Each structure stands twice: as structure tokens, then as C-alpha cells.
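A.B. asks: Dumping the structure here so I can ask a few things about it.
None of the figures in this text is laboratory data; all of them are computed from the coordinates on show. None of the values given here were measured: they were computed from a predicted structure. We place every Cβ from the backbone using ideal geometry, glycine too, and count neighbours over all the protein chains shown.
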Amino acid sequence: MIKDMAARVVDFTLCKIAVFITGIRPSEQLKQMSDLTPKIYYANHTSHGDFLLIFVSMPYKLRKQIRPVAGADYWTKGKIRPFLAKHVFNMFLIDRKSKNPLEFIEKMSEALKTHSLIIFPEGTRKVDDDIEIGNFKSGIYRLAKANPNVNLVPLWISNIQNVLPKGFCLPIPLICDICVGDEFRYENEDKFEFLAKAKEALLSLKKDEK
């Protein structure tokens, strides 16, 4: 009970801080997302703050049905991170060094029966400013193929890499935004066709913001 109350306080506080620093506001598309049907949300990955920006941009009721997928090696260290991962963000933690990645696809598929997931197909943060987006790992393809009835939703995050640049401990106040793309599903494509489709759906949102 105490942990639940503390989690709500931390949730509220983090949302206010994130909104203050980034100026992010729930887009009309996100505000109108009242459908709690499990989906696979995926986004570009340029900062440790990416998932938090998505998280705070969604209505409270919706984000309580969403589990960000993250590395257990980072979020199980210390005392604060495990609390945030479990009680505030309800994260789905994975072992990024696992020799059996298909095991996590099965577990994520099980999670999709009740919750949506937020994933970052690049697998790690993009640090090369000369490329728009890194290559997608095969995980998103395997997850979509294992769950053909689950919709995928592309989300393009803009400017967050400048709020929390690599090597900086404190954020720099800047305006950020999230563009939401059209939902789609896996349609029996092979891996390369599907990854190309998913990547283009995401990149098209960057083009739309210009």
C-alpha cells in the first residue's frame, strides 16, 4: 500500500519535471487514445529519456496499461532504479546478454495479452548524428510475427537527444515533441520486408515534422 502511494507520487513528480524540462504536451492523437487494446509502440532511440517522454505524454489510464521494455542490467542496479522499474513504470526487463533471445519474445507475447509494450528496435541509442536512424534489430520482426493480431504504432521523438546529450548528467531545457504514425500489422512479410516497412513508417514521421 505504501509502495503504491509512493509510486503514484513519484509518477506525478516525474511527469511534472519531464513536462517542465521538455515542454512536451500530449498530442491530440495521444490524448484521444482511449483504446486499451494491447499494442506494440516503437520509437527511435537517441536518449535515456526516450521512454519517459512517451510515458508522460500518454493519459494516465493508458500508460498504466503499457510496459516499457528495457535492459535488466541497467534497471536492477541500486535501490532507486528497481523501485522505478517495478512500481512506477511496470517495466518488462530483459537480459541483453541472454543466449536465448527467443525466450523473451515468448515472454513479451505473454505480456501482450494484457498490456501494450514500448520497444526501441535499434536496440541502443543512436550516437551518430549523420544518420537519421540506426538499423532495426530482428526482435521487432519476431515479436510482430508471433503476434500478428497486435497492431504496431510508430512514434517519432524529436529533440530529446539535445535535452540529455551523451555524457551529460543534467538535462538541458528544450522543446520536444512526439509524432504518432498510423497503426499497422505484420502481414506475412519476410524479415527484411517487414523491417523495411517498420523503419519507413517511422522515418515518414520525421519527414512530416519538417
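A.B. asks: How much length is gained on full extension from Ala196 to Arg96, taking 0.36 nm per residue of separation minus their Cα-Cα distance?
C.D. replies: That works out to 33.7 nm of additional length.
A.B. asks: Using 0.36 nm per residue of separation minus the Cα-Cα distance, give me the extension gain between Thr13 and Lys64 in nm, one decimal. Before the final figure, lay out each step's value.
C.D. replies: Numbers: separation 51, 0.36 × 51 = 18.36 nm, distance 1.58 nm.
Contour length minus the Cα-Cα distance gives 16.8 nm.
A.B. asks: Further question: Of Lys86/Lys191; Lys86/Lys113; Lys145/Lys197; Lys39/Lys197; Lys99/Lys206, which ones are farther than 24 Å apart at the Cα?
C.D. replies: Among Lys86/Lys191; Lys86/Lys113; Lys145/Lys197; Lys39/Lys197; Lys99/Lys206, the Cα-Cα distance tops 24 Å for Lys86/Lys191; Lys99/Lys206.
A.B. asks: Working out 0.36 nm times the residue gap between Ser109 and Lys137, then minus their Cα-Cα distance, what length gain in nm do you get to one decimal? Before the final figure, lay out the partial values.
C.D. replies: Working: separation 28, 0.36 × 28 = 10.08 nm, distance 1.72 nm.
Difference between extended and current length: 8.4 nm.
A.B. asks: If you don't mind, another one. Summing +1 for each Lys or Arg and -1 for each Asp or Glu, what net charge is found among the other residues whose Cβ lies under 15 Å from the Cβ of Met108? Before the final figure, lay out each step's value.
C.D. replies: Values: positive: Lys39, Arg67, Arg96, Lys107, Lys113, Lys137, Arg142, Lys145; negative: Asp95, Glu103, Glu106, Glu110.
So the environment of Met108 carries a net charge of +4.
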